[in-house]
1. Can you find, within region 65-86, the residue that is surrounded by the most Cβ atoms within 10 Å (Cβ to Cβ) among those that are farther than 13 Å from residue 117 by Cβ and within 19 Å of the chain's Cα centre (by Cα)?
2. Among (1) surrounded by 15 or more Cβ atoms within 10 Å (Cβ to Cβ); (2) modelled with pLDDT under 95, there is one condition residue 102 misses while meeting the rest; what is its number?
3. Would you pick out the residues in region 145-181 that are polar (S, T, N, Q) and either exposed (fewer than 12 other Cβ atoms within 10 Å of the Cβ) or at pLDDT 90 or above (or both)?
Amino acid sequence: MNQNAIPLSSHGEIFRPARCAVHAFTLIELITVLGIVGVLTALAVPNFQGVFSANKLSTSTSLVANTLGSARIQALGSGRLTSFVVVQDWPGNPEANYRRFGVWQFDEQSNSWQPASGWETLPEGIIFDPTTDKTYQDRSATLADNPQAKQGPDLFSAAASAWAETTLVVGDSTVAVRMLKFSPRGSLRSTEPGDMAVWLTLAEGFLLPAGDVLYSGAESSANEPANWRHISVNSLLGRVEVNVP
């Protein structure tokens, strides 16, 4: 059989394969589909942003809690006074203020504080809340017996004597910091005796040049944070806990 022969039908006509009809979208159909996609995108983006912000806050909280725990473990292991440090004012580096933190140990030979770990920095949009006039409704189990109680109000409020203000020499800069000191026994160093909880607050927001805080998603005209976490440290045991609102 000649492979190049033209196929014929049973009636002797040239066989032509059937063609499938192709239907195109009309302009109106395309505009309608694009409109639906645009609406769905507009609805989804805020939800994704909220999830992303919540993840940043949760990740930051875990990092800070782990660093506090590390400071306590280093104090126990080395037998030296060890501090969890929060930067208050870093000259020439304002983005470090209330975002950068680390662990430092006191060296008796040089009579000075020395870094025990590298600096950690909270992601953009998350800060250690430095304000002194905000309150936070804490719905954690610690307030189950008094749900109307207000806990806070700020980073250094409760058991303020446990926080020490000082300066550290970092390179060519003299940096103002707050310190939470762990003794070689793992307890907090404080001028106030007794069992107490010392906490700090992480919030979604930004520190403005004047030192004020602009909270993200503020829930009221009072500019109070919509999302935040309390991290508390027991003064006697050094135990670290996270309170989620």
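The values are calculated or read from the model by the stated rules, or taken from the named source; none is laboratory data. The model shown is predicted, which means the values in this text are computed figures rather than measured ones. Heads up, the Cβs are rebuilt from the backbone with ideal geometry, glycines too, and the neighbour counts pull from every protein chain shown.
1. Filtering region 65-86 for residues that are farther than 13 Å from residue 117 by Cβ and within 19 Å of the chain's Cα centre (by Cα), the one surrounded by the most Cβ atoms within 10 Å (Cβ to Cβ) comes out as 86.
2. The number of the failed condition is (2).
3. Start the filter on region 145-181 by keeping residues that are polar (S, T, N, Q), which leaves 146, 148, 151, 157, 161, 166-167, 173-174.
Correct list: 146, 148, 166, 167, 173, 174.
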